[in-house]
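Working notes for the structure below.
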Amino acid sequence: MLAAILSLTALGLTLGLGLGYTARVFAVEGNSLVSELADMMPGTNCGQCGLAGCGAAAEAVAGGTVPATVCPGGGVALAQAIAAKLGITLSLEGMEDKGPMVAEVAEDICIGCGKCMKHCATDAIVGAAKQIHGVLHEACTGCGGCMEDCPTGAIVLRPLPVTLRDWNWTKPALAA
């Protein structure tokens, strides 16, 4: 029994040291700018930008192939932060900031097909097949991906309600 314990301990220690050494030798340095831009983005990988997630969007922005306004979910605030980080001028032409939005399901139209639940990147839509679905406002990012998949048009985006419970108050206007 003692021999088995000692041999497994020695094996675990040897393999652990080997993996640690290999990780240091073959480490791949990433682009720090790309990781910083990816950290600034919402991180929901909703695909509204047309790219394969927030990491791909960060790489494209850092490479200069897409503008700083690539993320519709982040809105104007994210576009301004990205432009400030990269030191580029920002054109907000054609971009409107509606504020935080959440999806809502019209219960009288919902048929319970479940297509919206499969498309939601944050699992904000709850329900079951052939049942009325609902949206968890705390988890919804307002990307609108579920609206495209709904065959009945039961899902709409609405501004996030301002309540005491979530303290989502509008920002005051800056004095000129």
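The values are calculated or read from the model by the stated rules, or taken from the named source; none is laboratory data. Since this is a predicted model, take the numbers as computed values, not measurements. We place every Cβ from the backbone using ideal geometry, glycine too, and count neighbours over all the protein chains shown.
Laid out as a table, the results:
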{"item": "Residue pairs meeting the criteria (Cβ under 6 Å; at least 6 apart or on separate chains; first closer than 17 Å to residue 136 by Cβ, in region 148-166; second modelled with pLDDT under 65)", "result": "160/168"}
{"item": "Only one of 61, 25 that is at pLDDT 90 or above and exposed (fewer than 10 other Cβ atoms within 10 Å of the Cβ)", "result": "25"}
{"item": "Test: residue 54 is crowded, with 16+ Cβ neighbours inside 10 Å and touching a Ser or Thr at 6+ places or on another chain (Cβ under 9 Å)", "result": "yes"}
{"item": "Every residue from region 69-99 that is among the hydrophobic types (A, V, I, L, M, F, W, C), surrounded by 12 or more Cβ atoms within 10 Å (Cβ to Cβ) and farther than 17 Å from residue 35 by Cβ", "result": "76, 79, 83, 88, 90, 92, 95"}
{"item": "Residue in region 13-21 that is farther than 21 Å from residue 146 by Cα, surrounded by 10 or more Cβ atoms within 10 Å (Cβ to Cβ), in contact with a Gly (Cβ under 6 Å, 6 or more places away or on another chain) and among the small types (Gly, Ala, Ser) present", "result": "no"}
{"item": "Residue selected from region 109-156 under the condition out of contact with any Gly (no Cβ under 7 Å at 6 or more places or on another chain) and basic (Lys, Arg), by the criterion nearest to residue 52 (Cα to Cα)", "result": "118"}
{"item": "Unique match (being outside the structural domain of residue 69 (by TED's automatic domain parsing) and over 21 Å from residue 72 (Cα atoms)) among 121, 129", "result": "129"}
{"item": "Residues that are under 22 Å from the mean Cα position of the chain (by Cα), part of a loop (DSSP other than H, G, I, E, B) and not small (Gly, Ala, Ser), drawn from region 86-121", "result": "92, 95, 96, 97, 98, 100, 120"}
{"item": "Filtered residue count, region 83-128, keeping only those that are in contact (Cβ under 8 Å) with a residue 40 or more places away in the chain, among the acidic types (Asp, Glu) and closer than 18 Å to residue 41 by Cβ", "result": "0"}
